[in-house]
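The values are calculated or read from the model by the stated rules, or taken from the named source; none is laboratory data. Predicted model only: the values in this text are computed from it and were never measured. Note that each Cβ is placed from the backbone with ideal geometry, even for glycine, and that neighbours are counted across all protein chains shown. Side chains are part of the model used for accessible areas, which takes the heavy atoms of the whole protein and leaves out ligands, DNA and RNA. Shrake-Rupley method; radii C 1.70, N 1.55, O 1.52, S 1.80 Å.
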Amino acid sequence: MSFSRVYFVASFLCLSAAIVSLLGCNIVTPVVYAIEGPGQIEAEYTLPNKKTVIFVDDPRNILPRTSLRTVLGDAISMDLMQRDLLTSTVATRDAIAIARNGGNGDAAELMTNEAIAKALDCAQVIHIQPTVFDLAGRTDDRGIRPTAKVLVKVIDVEGRLRSYPMKEVLPNGREVIASIREEDPTALRTRASRVQVEDQLIRKIALEVAQLFYKHDRVDLGENLGTRKQ
């Protein structure tokens, strides 16, 4: 980094600190973001390019609408295919339909996924189990923001094993958490408003899951803005 750029960055940070002390708000992160860029996070796992089905398993009906399972799975599939990480995927609704005749529980996990995959002629399953879908955001320790959580596993059907994450390390799967900007609680009183927030939150968690499998920006500017602490 040249002397002039160092001086420029230092000047900005000093100015930011002065403004923070006057206004009492955190703007240092956005300034650094604008100057240095967000940085990137490497993929946690490289998906083998096999015919894949994304199965959204929601036995406890965490998601308020059944259609959200399809939206979640298909959004992940589309993202991974658009990035050429997967060449062929199967509609999530087809997996859900087949699963209605399958088993539940940890002991039946592999058999259930294997049966779904074989019925759809797939070699790989991305298994997603929702655990939280909270529009009020009470489960978000950063503030009152709509929050979703899911557990993710990748099953290698041909090898009859879980390929991600390692079962010995994360036996229940890789937890993924997503939050969106806080909503006015009164806006959630109408069905139309609730559906709009549900759709926004389900697409955010879909993005967070897909990003496990490819390199992506570390910080989404605005993620830390507008959050009310309570």
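Miscellaneous remarks
- Gain on full stretching of the segment that runs from E42 to R60 - 0.36 nm per residue minus C-alpha separation: 3.2 nm
- Solvent accessible area, Å² - Y164, 1.4 Å probe, full protein context: 20 Å²
- Label-to-label distance, K50 versus R218, with points set 7 angstrom from Cα along the beta-carbon direction: 3.4 nm.
- Gained length - R138 relative to S67, 0.36 nm times residue gap less alpha-carbon distance: 23.2 nm
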